[in-house]
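Chemist: Would you mind keeping the following structure in view while I ask a few things?
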Amino acid sequence: MLFFFLLISFCAVLRDDEDTFKILIATDVHLGYLEKDAIRGNDSYNTLDEILKCAKTNQVDFILLGGDLFHENKPSRRCLHNCITMLRQYCMGDTPIHFNILSDQTVNFNTTQFPWVNYQDENLNIAIPVFSIHGNHDDPTGAEGLCALDLLGASGLINHFGHSQSVERIEISPILMQKGNTRLALYGLGSIPDERLYRMFVNNQVTMLRPKEDQDEWFNLFTIHQNRSKHGPTNYIPEQFLDEFLDLVVWGHEHECLIAPSRNEQQLFYVTQPGSSVATSLSPGEATKKHIGLLRVKGRKMNLQKIPLKTVRQFFIQDVVLADYEDLFTPDTPQVTKKVEDLCYAKVVEMLEEAERERLGCPLTPEKPLIRLRVDYSGGFEAFNTSRFSQKFVDRVANPKDIIHFLRRREQKEDIKDEVNVDYGKLLKTTAVEGLRVEDLVKQYFEATEQTVQLSLLTEQGMGKAIQEFVDKDEKDAIQELITYQLEKTQRHLQARGVITEQDIDAEIRRFRDSKKNTTEEENEIKEVCVWNAHFFLSFTLSFVAIDDSDEDISVMKAARPPPRYVCFCLQCGSPAFQGRKKCSDTPGIYSFSFLSSVSDILKTNIFCFYLGLVLAHHRPASSSSFTKYSSQSQSSRGVAFDDSDDDDEVTRDQGK
């Protein structure tokens, strides 16, 4: 009884007062997911509406989003319209803001023309500020390095932070806030390719800045959007990489809801993983109940309250191993396929009945649940017609086309002792083509191909990532812009070296190419061209064969004759030529070759080598770039531990440093 009284008293300390920060935490909203689906089209919009309504009801100080607010890098007009409408409805108003920003906001919001928090803008009336980092779905792309969050930021609806512009070193400067006597340092890092960020952590190229004064008085909150679970040697970010002075880490990108803070015993901070707000895949991680968090911070204490989302569509998943039902049927049983189908029908009905029981009393929950039955038909069984089976539930489930998923267990006689223990994590891995990214396919293609058809103009890594950018982000000009820049850079390099003969040019460019391959120098060069997407850093290098042109007093570098499907065009004016023979009247001899009309054509024909034409006719001044280093804070190195106590509904942490 005494313990219960003390716990209630402790929680009361963190309740609403002038010293307590109240922060609503959510990640991976994926607004616009399946918006064209007749049944699930409004799911993500309904959930965002619930999240914002919850923030307004609880009168939070601000909302913290951990990335992937949008599902598409270029959201549809409907998606943007709905998002802007809801943000205006719930986040604008006359409610006063009770905390102040103490840090240099030109550092915190250095990617916008309005480098200050939106609620301090004299032209706006903000009631609930929204702070958000970008995820891998809504990351900056294109020559301007903009994303959908920047559109919302320019309109004054959210505050986009955590965007790192440098490819050489990352310095994370916190947003320093104060409410009463509580001081909060909010750190953020938008999505970066895991392999690259992993390498930067290993090379000590990531720095988290701290306030110069009273460092131990600040509550340090960090939000990140990366792989938390290990998907490969470097395709994730270990928690041990993060600084130990942090108090709480809000981890985005992972969709499984593990919102209860877990303690990292090595670094002595806590990690909360709110998970996604909408199910974007029919996997076990998405089947856990969806929550958002209401974080209260007072001084050096925190309390995290789990808030279940009521508008999320129910999702039930179950595994069936047919070999376990020997008492009902075997592969040799007459009409075994019909009996297997009857078993699956019964399993689906059970899940639907369970969904109906759970939905009682929750009018906001959509009527039709998501159902997935994974059937292991190893051992000689045959799969039945899933389309005919799905017709039985077309009016009862939200995903009638993919209720059943058949899988076959690989034979591993030495490793599997008990056939009942099936590792569905391995069984459900996608096929090689589905799991590989475009850059992986490019790399595999050139590793397997003959030496005579290897790339001689571009690197495999650069080619792959360029195509990936084209496919994922629909950046039609990305490849041409980068190629043009590399053409100019190669010209300047060869002219500076003074090489003339064919053999010297070929050898020098190969040395130039190999010296930069897979180094940060490549990334810096791309950064000079454009403020590129932190998720894709292209690295093109070139190799040419020189010939003499008697018509011009210059040395022309000519690419091999392209295939007939390619059209030669001028790199500057775009006028067509014929196989590199006809010169442009404005810029003689400067040629490249147009790409196929679609990336699918490139993949189908295995044409990854883009032939370029180049002339050493004009010397252009080198482009320059500079990165300003802001250091209004100083670095420190020691974190703080929490003593924890929790109940069923809340997780409370009291710092005992």
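The values are calculated or read from the model by the stated rules, or taken from the named source; none is laboratory data. All of these numbers come straight from a predicted model, not from anything done at the bench. Note: ideal-geometry Cβ built from the backbone for every residue, glycine included; neighbour counts use all protein chains shown. Accessible surface areas use protein heavy atoms only, side chains included; no ligands, DNA or RNA. Shrake-Rupley method; radii C 1.70, N 1.55, O 1.52, S 1.80 Å.
Chemist: Just checking, does the stretch 277-286 include any residue being under 28 Å from GLU35 (Cα atoms), assigned to a helix (DSSP H, G or I) and open to solvent by 30 Å² or more (accessible area, probe 1.4 Å)?
Modeler: For the stretch 277-286, residues under 28 Å from GLU35 (Cα atoms), assigned to a helix (DSSP H, G or I) and open to solvent by 30 Å² or more (accessible area, probe 1.4 Å): present.
Chemist: Can you name the number of the only condition in (1) assigned to a loop (DSSP other than H, G, I, E, B); (2) out of contact with any Lys or Arg (no Cβ under 6 Å at 6 or more places or on another chain) that ASP216 fails?
Modeler: Unmet condition: (1).
Chemist: If ASN181 passes every condition in (1) surrounded by 18 or more Cβ atoms within 10 Å (Cβ to Cβ); (2) at pLDDT 95 or above but one, which one does it miss?
Modeler: Only one criterion in (1) surrounded by 18 or more Cβ atoms within 10 Å (Cβ to Cβ); (2) at pLDDT 95 or above is unmet by ASN181, namely (1).
Chemist: Suppose the filter is in contact with a Pro (Cβ under 7 Å, 6 or more places away or on another chain) and of a type in the set (Ser, Thr, Tyr); does SER44 pass it?
Modeler: Criteria not met by SER44.
Chemist: In the set GLY135, GLY156, which member is without any contact (Cβ under 8 Å) to a residue 60 or more places away in the chain, open to solvent by less than 10 Å² (accessible area, probe 1.4 Å), in contact with an Asp or Glu (Cβ under 9 Å, 6 or more places away or on another chain) and closer than 26 Å to LEU294 by Cα?
Modeler: GLY156
Chemist: Now for a different question. With respect to the numbered conditions (1) over 30 Å from ASP16 (Cβ atoms); (2) in contact (Cβ under 8 Å) with a residue 12 or more places away in the chain; (3) surrounded by 14 or more Cβ atoms within 10 Å (Cβ to Cβ), which one is the sole condition not fulfilled by LYS339?
Modeler: It is condition (2) that LYS339 fails.
Chemist: Right, something else. In the stretch 230-238, is there at least one residue being crowded, with 21+ Cβ neighbours inside 10 Å and aromatic (Phe, Trp, Tyr)?
Modeler: no
Chemist: Continuing with this model, one more query. Kindly provide the set of residues from the stretch 126-178 that are polar (S, T, N, Q) and out of contact with any strand residue (DSSP E or B) (no Cβ under 6 Å at 6 or more places or on another chain), ordered by number.
Modeler: Result: ASN136, THR141, SER155, GLN165, SER166, SER173.
Chemist: Let me ask you something else. Counting only residues that are under 27 Å from LYS301 (Cα atoms) and open to solvent by 20 Å² or more (accessible area, probe 1.4 Å), which one in the stretch 207-229 is nearest to the chain's Cα centre (by Cα)?
Modeler: ARG228
Chemist: Within the stretch 497-510, work out how many residues are free of Cβ contacts under 8 Å to residues at least 12 places away in the same chain and open to solvent by 90 Å² or more (accessible area, probe 1.4 Å).
Modeler: Counting residues in the stretch 497-510 that are free of Cβ contacts under 8 Å to residues at least 12 places away in the same chain and open to solvent by 90 Å² or more (accessible area, probe 1.4 Å) gives 2.
Chemist: In the stretch 308-335, how many are basic (Lys, Arg) and open to solvent by 50 Å² or more (accessible area, probe 1.4 Å)?
Modeler: Residues flagged as basic (Lys, Arg) and open to solvent by 50 Å² or more (accessible area, probe 1.4 Å) within the stretch 308-335 amount to 1.
Chemist: Tell me which of these GLU72 doesn't satisfy, since it passes every other one: (1) open to solvent by 70 Å² or more (accessible area, probe 1.4 Å); (2) farther than 25 Å from GLU254 by Cβ.
Modeler: Status for GLU72: all satisfied but (2).
Chemist: State the number of residues belonging to the stretch 194-231 that are touching a residue at least 40 places away in the same chain (Cβ under 8 Å) and basic (Lys, Arg).
Modeler: 4
Chemist: In the stretch 78-105, how many residues are more than 23 Å from the chain's Cα centre (by Cα), touching a residue at least 12 places away in the same chain (Cβ under 8 Å) and open to solvent by less than 80 Å² (accessible area, probe 1.4 Å)?
Modeler: 11
Chemist: Also: Please go through the stretch 232-270 and give me each residue that is in contact (Cβ under 8 Å) with a residue 40 or more places away in the chain and not in a loop (DSSP other than H, G, I, E, B), ordered by number.
Modeler: PHE241, LEU248, VAL250, TRP251, GLY252, ILE259, ALA260, PRO261, ARG263, PHE269, TYR270, listed by residue number.
Chemist: Next up: Is it the case that MET92 is closer than 28 Å to ASN46 by Cβ, hydrophobic (A, V, I, L, M, F, W, C) and touching a strand residue (DSSP E or B) at 6+ places or on another chain (Cβ under 8 Å)?
Modeler: Taking the combined requirement at face value, the residue satisfies it.
Chemist: I've got another one for you. Could you tell me which residue of the stretch 287-300 is least open to solvent (accessible area, probe 1.4 Å), considering only residues that are in a loop (DSSP other than H, G, I, E, B) and under 25 Å from GLN318 (Cβ atoms)?
Modeler: LYS290
Chemist: Among the candidates LEU268, LEU248, which residue alone is under 25 Å from VAL29 (Cβ atoms) and not charged (D, E, K, R)?
Modeler: LEU248
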